[in-house]
Each structure stands twice: as structure tokens, then as C-alpha cells.
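Student: I'd like to ask some things about the structure below.
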Amino acid sequence: MSQPAITGTGVFTPSQVITNDELVVAFNAYADRWNAENADAIAAGDLEAKAHSSSDFILAASGIEQRYVLDKTGVLDPEVMHPWLRARSDEEPGVMAEMGVTACREALDMAGVAAVDVDLVICAASNHERAYPAVAIEIQQLLGCGGFAFDMNVACSSATFGIQAAADMIRSGSIRRALVVNPEICSAHLEWRDRDCHFIFGDVCTAVLIEREEDAQRPHFTIRSTRCATQFSNNIRNNNGFLRRTRKGQMDDRRDMQFMQNGRKVFKEVLPLVSAHIAAHMAEDGVTSADLSRLWLHQANKTMNDYIGRKVLGRDPEPGEQPNILQDYANTSSAGSIIAFAKHSADMGDGQMGLICSFGAGYSVGSVIVERRV
Ligand code: COA
């Protein structure tokens with residue numbers, strides 16, 4: 001059996017930023033317009049007026065300060081409140097493929113590997129811009145990779161589940177090298193008109209290159225072990241899909257066709273699930289909290305991450321032990337823990353261990369224990 005290792009990482013970050021203040025100005029303008037348009041119904045008690053959002057609330061409730069997006073003009077226009085992403089012809093690269101190629105090239109360059117030597121591309125993300133052909137196959141073709149490619153979706157855990165799938169194929173010998181790429185266009189499935197969640201998400205794309213350790217040419221991370229688990233829940237749900245009927249006028253009325261969550265319940269139910277999952281994974285791998293130098297956690301909420309960090313380490317994490325990126329990127333679904341890993345791992349010394357963990361809709365939780373080799 002071959003030992004898999006992460007030898008390269010890449011992050012594509014969109015050039016446009018929306019700060020909390022910009023977001024709140026746009027939301028409040030939208031709410032004021034909506035309240036004015038519906039003044040009679042509100043006065044009659046048939047509709048509830050929309051309350052203002054607040055930057056202070058967003059920072060305190062989530063730890064998010066800003067988010068990157070592919071298009072801010074539409075999102076910040078009170079008459080639009082969604083990104084304007086130009087429909088592309090079939091002859092042009094798709095948006096997800098384009099983001100994916102950039103992140104993958106960075107991962108390949110870091111490892112010193114040519115695309116032609118990659119024999120699996122997994123595009124693992126919360127949403128895919130089309131049903132088929134797979135976005136992963138388009139990325140495979142644009143990069144010039146060999147082998148095969150497929151899409152997978154495990155919502156916020158897509159990246160870790162993809163890493164487990166690729167690592168297991170390397171262990172079994174069916175492939176030699178894999179790119180696991182996570183283009184997350186969260187801005188297009190977020191309901192920016194919903195005060196409870198309009199601040200949550202941002203856009204990004206991450207990629208990891210996984211190789212047989214014996215092929216690694218540069219410092220890398222051995223994948224010691226991976227664990228995935230799921231448990232059905234409706235508390236994070238998006239009902240959009242191919243059975244959706246687009247009778248005229250129906251689209252805007254169906255709130256459930258965008259991201260929906262019962263945030264409080266998610267908080268309460270996911271925290272114990274994740275803590276128990278990580279504890280069991282570490283025990284099975286013979287790893288104790290004293291062995292872990294770093295935690296790269298899913299990036300949804302700072303309070304949640306602080307809680308998990310304390311549970312896993314049995315104490316408050318030291319600065320740098322549990323790096324957060326959500327203050328800059330917001331929640332980027334499956335990509336969050338990989339951004340943290342990509343940006344906060346190069347300084348680690350030989351033999352130091354860390355844990356990547358994602359969690360989210362499904363519910364789903366995926367963890368990867370890695371060990372630095374320099
Ligand atoms: N601005 C100002 N006030 C707001 C607000 C906003 N944008 N959104 C909500 N509020 C208010 C609510 O109306 C409520 O007021 P009330 O107490 O008078 O009723 C209060 O703030 C608390 O709202 P609540 O939704 O309970 O906030 P919260 O503290 O639970 O934080 C989340 C909300 C979403 C940040 C938090 O629940 C969370 O992060 N949950 C987990 C999310 C997660 O991991 N999801 C996975 C997605 S992949």
C-alpha cells in the first residue's frame with residue numbers, strides 16, 4: 001500500500017471585497033424600500049416590517065469582518081441583491097472550472113508536478129453550476145491532466161470527503177496523483193435579502209494535490225488517517241435542483257431554493273457531533289491532543305471554532321494553533337478549512353502534526369490527520 005501525502009495547496013481569491021459596513025448599508029436600503037412598498041400591509045398587520053441589519057451584530061455573532069465575492073455590484077444593489085454572473089456559452093470555460101484551474105496550478109507549482117502526471121481530478125463543492133458534463137472533467141481537460149475526473153457534493157465537508165476518496169485510491173494503488181479542488185461560489189446560493197444569514201458566505205476556490213509520499217519532491221504533509229461521518233438533518237438545506245419547476249414568477253417566491261439554516265440548532269447539534277468525531281478519530285490513530293500542533297477547522301463561526309479548539313486540546317488554543325481565516329473570507333463552505341491549512345502550515349517543522357476538520361450540511365463531518373515532512 002502506498003502512503004498518501006498532501007504535496008501542494010492552492011487558493012484562488014476573488015478580487016472584490018464586501019465589508020460588513022457595505023453589506024449592511026445595502027441590506028438596510030433594501031429593507032427600507034421593501035417596507036415602503038409594503039407599508040399598507042405592514043400597517044394592517046398582514047406583513048412584518050423588515051428590521052435593519054448591523055455590522056456590530058455580524059462581527060459579534062460570527063467573527064466575520066468581510067468576504068470576497070466574484071461580483072459585488074449586484075449584491076450591493078438594493079434592487080438586485082444577488083451577484084451578476086454573466087451566462088457563459090458552452091465554448092467558454094465555466095466559472096467554477098476557471099477558478100479551479102487557477103487554484104490547481106498553484107498547488108501543482110508548489111509541488112513541482114506537471115498537470116499531465118495527475119490521474120484524478122475531484123471537483124468537490126457545495127453546488128455545481130451544471131449537472132453534466134462534470135466540472136471536474138472540464139478542469140481535467142483545461143489543465144491537461146490524464147486519468148479520470150468526477151464531481152462530488154457533501155456541502156461544507158466536500159473537501160475533506162474528497163481528500164479521503166483520493167487518499168484511499170492512492171493507498172489502494174488505483175491512482176498515483178489527485179487534485180481535489182473546491183470552487184465555492186457561495187454568493188450565488190446565499191439569500192442576501194435575509195437578515196439572519198446575509199452576512200454568512202463568501203466566494204473562493206481551494207485545491208490540494210495528493211501524491212504517493214515516495215513521489216513527493218518537496219516538504220509535504222503525510223496523510224496519516226482520514227474519517228468521514230454523516231447524519232441526516234434538515235437544519236441546513238437548499239431545495240434547488242433539477243426537479244425545480246420554473247413557472248414564471250415562482251423563482252423569487254421560493255425562499256427554500258437558496259441556502260436556509262436554523263443557525264441556533266446547527267450550533268447546538270453540530271458541536272457535540274464534531275467534538276466526538278474528532279476525539280474518536282484521534283483515539284483510533286493513537287494521536288493525543290499533546291501531539292497536535294495545529295487545528296485547521298471549518299470556518300463558519302468563530303465561537304464554534306473556539307469551542308471545538310478547547311474541546312480537542314483540553315485548553316484554550318495558543319495564538320496560531322487554531323488559525324481562523326473567516327474574518328477575511330467569511331464562511332466559504334468546504335474551502336474554509338483548506339484556506340486555513342494552505343495559509344498557515346508552511347512554518348511547521350518535521351514530525352509536527354495537525355488536524356483538518358470540516359463540518360456542515362448533511363450533517364457531515366470529515367477529519368484528516370496530517371504530519372509534516374520537511
Ligand atoms: N443584524 C442585527 N441583528 C440580527 C441580525 C442581523 N443581521 N440577524 C439576526 N439578528 C438578531 C435576531 O433577530 C435575534 O434577535 P432577538 O434575540 O431579539 O430575537 C438576535 O439577533 C439573535 O439571532 P440568532 O439568529 O439567534 O443569532 P445567533 O447568535 O444564533 O447567530 C449565526 C446567528 C447564524 C451567526 C449562528 O447561529 C451560527 O453561526 N450558527 C451556526 C452556523 C453554521 O455553522 N452553519 C453552517 C453553514 S454551512
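Student: Among the residues that make up segment 304-320, is at least one of them of a type in the set (S, T, N, Q) and touching a Phe, Trp or Tyr at 6+ places or on another chain (Cβ under 9 Å)?
Tutor: no
Student: Restricting to segment 309-327, count the residues that are surrounded by fewer than 24 Cβ atoms within 10 Å (Cβ to Cβ) and in contact (Cβ under 8 Å) with a residue 60 or more places away in the chain.
Tutor: Summing the residues that are surrounded by fewer than 24 Cβ atoms within 10 Å (Cβ to Cβ) and in contact (Cβ under 8 Å) with a residue 60 or more places away in the chain in segment 309-327 gives 2.
For every residue, the table says whether it meets (1) in contact (Cβ under 8 Å) with a residue 24 or more places away in the chain; (2) crowded, with 18+ Cβ neighbours inside 10 Å; (3) touching a Cys at 6+ places or on another chain (Cβ under 8 Å); (4) within 22 Å of PHE201 (Cβ to Cβ).
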| residue | (1), (2), (3), (4) |
| --- | --- |
| GLY100 | yes, yes, yes, yes |
| ALA124 | yes, yes, no, yes |
| HIS128 | yes, yes, no, yes |
| VAL135 | yes, yes, yes, yes |
| GLN141 | no, no, no, no |
| CYS145 | yes, yes, no, no |
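Student: Now a separate question. Restricting the search to segment 1-47, which residues are among the hydrophobic types (A, V, I, L, M, F, W, C) and touching a helix residue (DSSP H, G or I) at 6+ places or on another chain (Cβ under 7 Å)?
Tutor: Listed by number, the residues that qualify are MET1, ALA5, VAL11, PHE12, VAL24, ILE42, LEU47.
Student: Let me confirm something: among ALA330, ALA361, ALA335, ALA340, which residue is touching a Cys at 6+ places or on another chain (Cβ under 9 Å), over 21 Å from LYS268 (Cα atoms) and surrounded by 22 or more Cβ atoms within 10 Å (Cβ to Cβ)?
Tutor: Sole residue among the options that is touching a Cys at 6+ places or on another chain (Cβ under 9 Å), over 21 Å from LYS268 (Cα atoms) and surrounded by 22 or more Cβ atoms within 10 Å (Cβ to Cβ): ALA335.
Student: Please go through segment 16-59 and give me each residue that is over 15 Å from ARG195 (Cα atoms) and in contact (Cβ under 8 Å) with a residue 24 or more places away in the chain, ordered by number.
Tutor: GLN16, VAL17, ILE18, THR19
Student: Also: Residues being among the small types (Gly, Ala, Ser), modelled with pLDDT of 90 or more and not in a strand (DSSP E or B): count how many of those fall in segment 222-262.
Tutor: So the answer is 1.
Student: Suppose the filter is over 29 Å from THR102 (Cα atoms) and either of a type outside the set (Gly, Ala, Ser) or crowded, with 18+ Cβ neighbours inside 10 Å (or both); does ARG237 pass it?
Tutor: In short, yes.
Student: Are there any helices (runs of 4 or more DSSP H) wholly within segment 290-374 with 3 or more residues that are within 15 Å of the ligand (Cβ to nearest atom) and over 23 Å from ILE210 (Cα atoms), and if so which?
Tutor: Those helices (runs of 4 or more DSSP H) span 302-313, 326-329.
The values are calculated or read from the model by the stated rules, or taken from the named source; none is laboratory data. Quick caveat: nothing in here was measured; it's all calculated off a predicted structure. Ideal geometry is used to build each Cβ from the backbone, glycine not excepted, and the neighbour counts take in all protein chains shown.
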